[in-house]
């Protein structure tokens, strides 16, 4: 294992990144409204400009796990994963024109308030608790995972990195609120791009240009885009990546509270839609460059794979290993890379602190207790701080949880599809009931978690690897996996988990709602018809036209009766 202790410039870059983030938090704490109201603290007074919001949407879920994992994915399994970016382009107009107008029209602090208005209080609480548990588990891993990787290859102590990053993130997001989160995301996104671009550029220098990277990758079978199979057990195909990526993108950007909260920080629906549209090319650019970085690293190590030669113990260590093995001759580059990796974690954690504080105050505290207006802002900040400490504690506990690390990440993906299905039933149908969507959500998550956690399951098959160029060459082990002996559900690609959960909720929720009729919220309130504002614009326009026509007919009948 190659290790290099950080030099002076490496520490300067890391410390400068943290100081800049803290300064941004302090600036927004003592300027403007000084974060005295929840409107400013959680929603930035709804007057943010488009660019920082668009970049923040990308940064919120582009964690260090994603950067490290995507580069390794393309190195070991090929660049077909880049096809997922097509699904983002297909999903963006759907999220911006069919889902976002509903949330923006309601102007609620918590996304889950919609579910109570549309269905009732039980499904709101169920969905909110699911989201809270999901985000707590995920962010503990987001803080812990990169510290493990960087410690393994750079010698940067994991305890120090967890403490420094966790405390700095909690500090600036608690003090500066949403404005601090959005503007630190800008800085941190720049560092993410810088870290990934530096890898591609350095690899280009090593192999003689960008063209050679792709030539070598093609010779190694990394540029095979021919898999259009409909077999759901194949890990990555055009269908699984486009359909799976489509549902995953919508589950995050159409209905996830973390993203919707950001989209409500601008002054108008059109500006909010522009934020979503601009976040797509920013996300795709980072995704494509990260995919290319995996090929770039392969071009350098094609004859001496670090994993097979035991230079690294996990494939996620590939990117930092490349940095310290190949780029250490340039002072500060290791620090720039570390700053980029930790920036990816900072942006995700700060977004979650703020989002979970909003959910806690809106869905739990204000619901169960009567809180004086003057205390609400302080309680919200206290909640944000508390969640930061929870993430920190979970990051330290994660080393003792073993397989729970992968389990937490699996939960994040497995619940997204079913939750998206619940919101879709609410916005696109008038017949769905609270009983129907509750049964569908619970059964749908049970199905997707069973598919995700069930074992034994086949291991993915890596593309050919070589150690012929290593000083102490070893014979690479053939990595094979016979899938015929495994239970069928455990063989299904993880890319199909969210679509299956989504379709399950739509079908089961519809059947239960239609078979066991229950009063809708507007019927319990004595209103003759639902509020069109709760439905997607096409359906809302139809309902408005329908009810206006009914009212006109009733008025005509009254006039005729009077005559």
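Some values worked out for this structure:
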{"quantity": "Index of the failed condition, residue 330 passing every other in (1) modelled with pLDDT under 90; (2) farther than 25 Å from residue 166 by Cα; (3) under 18 Å from the mean Cα position of the chain (by Cα)", "calculated": "(3)"}
{"quantity": "Residue 148 surrounded by fewer than 22 Cβ atoms within 10 Å (Cβ to Cβ), in the same structural domain as residue 323 (by TED's automatic domain parsing) and at negative phi", "calculated": "yes"}
{"quantity": "Test: residue 353 is in a helix (DSSP H, G or I), assigned by TED's automatic domain parsing to the domain that holds residue 179 and in contact (Cβ under 8 Å) with a residue 60 or more places away in the chain", "calculated": "yes"}
{"quantity": "The stretch 25-69, residues that are modelled with pLDDT of 85 or more and outside any helix (DSSP H, G or I)", "calculated": "30, 47, 48, 49"}
{"quantity": "Residue identified as out of contact with any strand residue (DSSP E or B) (no Cβ under 7 Å at 6 or more places or on another chain), free of Cβ contacts under 8 Å to residues at least 12 places away in the same chain and surrounded by fewer than 24 Cβ atoms within 10 Å (Cβ to Cβ) among 326, 370", "calculated": "370"}
{"quantity": "Residue 72 vs. criteria farther than 27 Å from residue 306 by Cα and in a helix (DSSP H, G or I)", "calculated": "no"}
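Here's the yes/no breakdown for (1) at positive phi; (2) modelled with pLDDT under 85; (3) part of a loop (DSSP other than H, G, I, E, B):
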residue	(1), (2), (3)
503	no, no, no
507	no, no, no
518	no, yes, yes
528	no, yes, yes
538	no, no, no
548	no, yes, no
554	no, yes, no
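Here's the yes/no breakdown for (1) under 17 Å from residue 279 (Cα atoms); (2) crowded, with 24+ Cβ neighbours inside 10 Å:
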residue	(1), (2)
42	no, yes
46	no, no
52	yes, no
57	yes, yes
60	yes, yes
63	yes, yes
72	no, no
77	no, no
80	no, no
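The values are calculated or read from the model by the stated rules, or taken from the named source; none is laboratory data. Everything numeric here is computed off the predicted structure, so don't read it as measured data. With ideal geometry, Cβ positions are generated from the backbone for all residues, glycine too; neighbour counts draw on all protein chains shown.
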